[in-house]
Amino acid sequence: MELNDGLVRVGYESDPESVNDDLAEVSMAFVERVGDGWTVDRLEGLARSDPEMVWYAEAEWAREYLDGEIEASEYGQRISETMEMTVILDDEDAGGLNETDDE
């Protein structure tokens, strides 16, 4: 996991049978952290699966869910609409999730 300028990035291993369950677990953990007072703007997720998927959740959506303005299904639908398949050529191509700052 990486936190930088209001953006949280998380990468996680997932098998094809549980990719949706894993995404739900990560996105609901984000809701909990926002509810605990995290001051972030967005969560970006990378599911290392087959196929690999990237997705994001806006903190505003999490707050709307916490406030009862949207249901869990709406929160999930919004995230689902952001999902895209991706190809990671090597660990350095993981959207910054595996990079180290050696400079």
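The values are calculated or read from the model by the stated rules, or taken from the named source; none is laboratory data. Predicted model, so just to flag it, every value in this text is computed and none were measured. Neighbour counts run over all protein chains shown; Cβ positions are idealised from the backbone, glycine included. Keep in mind that these areas ignore ligands, DNA and RNA; they rest on the heavy atoms of the full protein, side chains included. Shrake-Rupley method; radii C 1.70, N 1.55, O 1.52, S 1.80 Å.
Within the stretch 14-29, track down each residue that is surrounded by fewer than 11 Cβ atoms within 10 Å (Cβ to Cβ) and touching a residue at least 12 places away in the same chain (Cβ under 8 Å).
Answer for the stretch 14-29, where residues must be surrounded by fewer than 11 Cβ atoms within 10 Å (Cβ to Cβ) and touching a residue at least 12 places away in the same chain (Cβ under 8 Å): just Pro16.
Do we find that Met53 is open to solvent by 50 Å² or more (accessible area, probe 1.4 Å) and either hydrophobic (A, V, I, L, M, F, W, C) or in contact (Cβ under 8 Å) with a residue 12 or more places away in the chain (or both) in this structure? If you could, list the steps in order and put the result at the bottom.
Values: open to solvent by 50 Å² or more (accessible area, probe 1.4 Å): no; either hydrophobic (A, V, I, L, M, F, W, C) or in contact (Cβ under 8 Å) with a residue 12 or more places away in the chain (or both): yes.
Answer is no for this residue.
For residues that are in a strand (DSSP E or B) and of a type in the set (Gly, Ala, Ser), scanning just the stretch 10-66, find the one that is nearest to Ser80 (Cα to Cα). Walk me through it before giving the result.
Taking the stretch 10-66 first, the residues in a strand (DSSP E or B) are 10-13, 42-48, 52-58.
Within this subset, residues satisfying the condition of being of a type in the set (Gly, Ala, Ser) are 11, 45, 47, 57.
Working: Gly11: 17, Gly45: 12, Ala47: 13, Ala57: 9 Å.
Checked the stretch 10-66; the qualifying residue nearest to Ser80 (Cα to Cα) is Ala57.
Can you pull out every residue in the stretch 50-63 that is under 24 Å from Asn4 (Cβ atoms) and out of contact with any Gly (no Cβ under 9 Å at 6 or more places or on another chain)?
As a first pass, look at the stretch 50-63 and keep what is under 24 Å from Asn4 (Cβ atoms): 52-63.
Listed by number, the residues that qualify are Glu52, Glu58, Glu60, Trp61.
Name the residue, out of Gly11, Gly35, that is surrounded by 15 or more Cβ atoms within 10 Å (Cβ to Cβ) and at pLDDT 90 or above.
Within the list Gly11, Gly35, the selection yields Gly11.
Kindly indicate which of Glu69, Glu92 is of a type in the set (D, E, K, R), surrounded by fewer than 15 Cβ atoms within 10 Å (Cβ to Cβ) and modelled with pLDDT of 95 or more.
Exactly one residue qualifies, and that residue is Glu69.
Conditions: (1) open to solvent by 30 Å² or more (accessible area, probe 1.4 Å); (2) without any contact (Cβ under 8 Å) to a residue 40 or more places away in the chain. Glu44 meets all but one. Number of the miss?
(2)
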